[in-house]
Amino acid sequence: MSRKLRLWLIFLIFLNGYVSLSFELVVLRQLSFWVGSSAVITSIIMGIFLGFMSLGYFLGSSERIAHKRIRTILATSFIIIALFAFFAASFPLVMEYFTHLYQWGITSSVAQTFIFSFLFLSIGPFLFGFNTTLLSRCLHKYNTNYTGNIMAWDTIGSVLGSLLTTLILMPFIGVNHTVMLIVALAGFAAIVTRPKWWVITLAVLVFIPTVLINSDKVQQYKFGILVNNANSTISVSQFSDNTRVLYMNGLPMSIYNPATGANAMYIDYLNEHFIYNLPANKRHKILVLGAGGFTAGLNDTYNDYTFVDIEHTLQEISEKYFLGRSLPANKKFIVQDASQYLKNSNEQYDLILLDVYSNSFQVPEGFITAEFMQRVKSHVAPNGILIMNIIASQSFRDKYSQVFDNTFHTVFTQNTQRQVIGFANPYVQNDVANILYVWYNRESDNRIYTINKTPVIYDRHIR
């Protein structure tokens, strides 16, 4: 075997490993905003991915595949991989997929993940395994001792794909450009394998719509997407009445009308009843976990605010495209995971707003545990207030609404309030609404009134 041929085969094995891991990680990122990233969801995706890859390893060893046809088969495989990477990893197409599933009544995240995985994560991974086996056969034809080298270069490609995709590409060039790179590399591998006009034509035909759908200009003007990085896909839409909506990962996070000053209904409620009427005897410390569009206390320039969010572009996007104005000096933004911020801080706050439960099906699982709530509780100052905004069934129609309520009252056993915002009708089937869970950090009296002892006349608050 010539040195040139050996290097060519090793390069393709490396590239196959790189594209496979990069493709898998981008898909995990895109899906996480609809189905979460729990162990169950991740195991479904990885299980189907690896299962079909194993099938590809097995079928690639078939003796019926003639050696002279391997280059043509490899080129075709890489083209198909590029096509499925386009469909499975382009955010606008993934958004369309989930929109249709909800319209068809398929709301289970497990069912959504299974369907997606079988549709889009079966053929591509199968071909990754299939290609590795075919390339290995080519190397073994000339040297049967290349097994270690094959495994090493495939693994090196996978490791590099993993590290570059998560640490450099998605954070710095964006997920949309990472998708274009994956498709381009798969197309390049096809052309290198079989430099024929039909291969080049197919590679170009796949790459053109990939660029159109994932380019910054198209995503911004067609879909309103302003940011598409490792953490978030952010867009801002403005309607005819001047109302602006800030979307993160396809979901509405904040609402603001610069003409009327109106915000999302629950934010207006919070501002009116908990923020704008704070006593003016001191500058109160307010912590907002989940910054959104910075509309909590938007017009308050007196009290001190700390906004915490993992998405570093939120302030810039909000000031430029959503609010249309800069945050005042009394508001600071910290880019950090909410749990890590609380873990590393000893600060106590007069008011904490926990606004990370953005919808009823994308729930950050680490933030709904009793342990996390206990951590938040420890940062509420004496006589301070904690408010959690969640989206759930107001009449406890589902397990999530029930168990969240159980968890909350396990940690916050007394001095609590549950406030439904906006539409409230417990008799309709879909009674999901914004619900504020409120805890007042005040000394509690553990007594109860009984028929034997009812000193209510002495306990009642007298104005």
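The values are calculated or read from the model by the stated rules, or taken from the named source; none is laboratory data. These numbers come from a predicted model, not from an experiment. FYI the Cβ positions are ideal-geometry reconstructions off the backbone, even for glycines, and counts take in every protein chain you see. Calculation scope for accessible area: heavy atoms of the full protein, side chains included, ligands and nucleic acids excluded. Shrake-Rupley method; radii C 1.70, N 1.55, O 1.52, S 1.80 Å.
Descriptive notes on the structure:
- Degrees, to the nearest 10: 3-35 long Cα axis against longest axis of the chain: 20 degrees
- Surface analysis of the chain yields an accessible area of 49 Å² per residue, using protein heavy atoms and a 1.4 Å probe.
- When all alpha carbon pairs of the chain are counted in 10 Å bins from zero, the resulting P(r) reads 4, 17, 25, 21, 14, 10, 6, 2, 1, 0 %.
- Projected-area mean, the range 52-171, by convex hull of Cα positions, square nanometres: 9.3 nm²
- Phi to ³J(HN,Hα) by Karplus 6.51 cos²θ - 1.76 cosθ + 1.60 over the range 335-344, Hz, x for Gly, Pro: 8, 6, 5, 4, 5, 5, 4, 5, 5, 8
- Nearest-10 value in Å² for the accessible area of Tyr269, using the 1.4 Å probe: 50 Å²
- Selection from Ile80, Ala259, Tyr341 lying farthest towards where the dipole of the chain points positive, charges on Cβ: Ile80
- Against the compact-protein benchmark of 2.2 N^0.38 Å, the Cα-based radius of gyration of the range 118-265 scales to 1.46.
- Rounded, prolate or oblate (a/c below 1.5 giving rounded, otherwise prolate when a/b exceeds b/c) for the range 1-104 by Cα gyration tensor: prolate
- Helical content alone sets the calculated 222 nm signal of the chain at -15500 deg cm²/dmol, taking -39,500 (n - 2.57) per DSSP H segment of four or more residues and averaging over every residue.
- The range 24-137: relative contact order in percent, alpha carbon pairs under 8 Å with at least 6 residues between: 53 percent
- The chain: relative contact order in percent, alpha carbon pairs under 8 Å with at least 6 residues between: 13 percent
- The 3J(HN,Hα) values that the Karplus relation (6.51, -1.76, 1.60; θ = phi - 60°) gives for the range 438-451 are, in residue order, 10, 10, 9, 7, 10, 4, 9, 9, 7, 5, 10, 8, 10, 5 Hz. Gly and Pro appear as x.
- Applying 0.36 nm per residue to the separation of Asn281 and Leu212 and subtracting their alpha-carbon distance, the gain on full extension is 19.2 nm.
- Annotation: amide H-H contacts under 5 Å for Gln336 (H modelled 1.01 Å from N, sequence separation of 5 or more, or interchain): Asp309, Ile310.
- Between the helical axis of 109-120 and the longest alpha-carbon principal axis of the chain there is an angle of about 20 degrees.
- The H on the amide N of Leu287, modeled in the peptide plane, is under 5 Å from the matching H of Thr306, Leu351, Ile352, Leu353, each at least 5 residues off or on a different chain.
- Folded to 0 to 90 degrees: helix 399-411 orientation relative to the chain principal axis, Cα: 50 degrees
- Of the trypsin sites (Lys or Arg not before Pro) in the range 1-83, those whose Cβ has at most 12 other Cβ within 10 Å and which sit in DSSP loop: Arg64
- Given charges at Cβ of Lys, Arg, Asp, Glu: the chain dipole, positive-most of Pro426, Pro455, Ser90: Ser90
- The range 1-126 - charge dipole about Cα centre, Lys and Arg +1 at Cβ, Asp and Glu -1, debye rounded to 20: 740 debye
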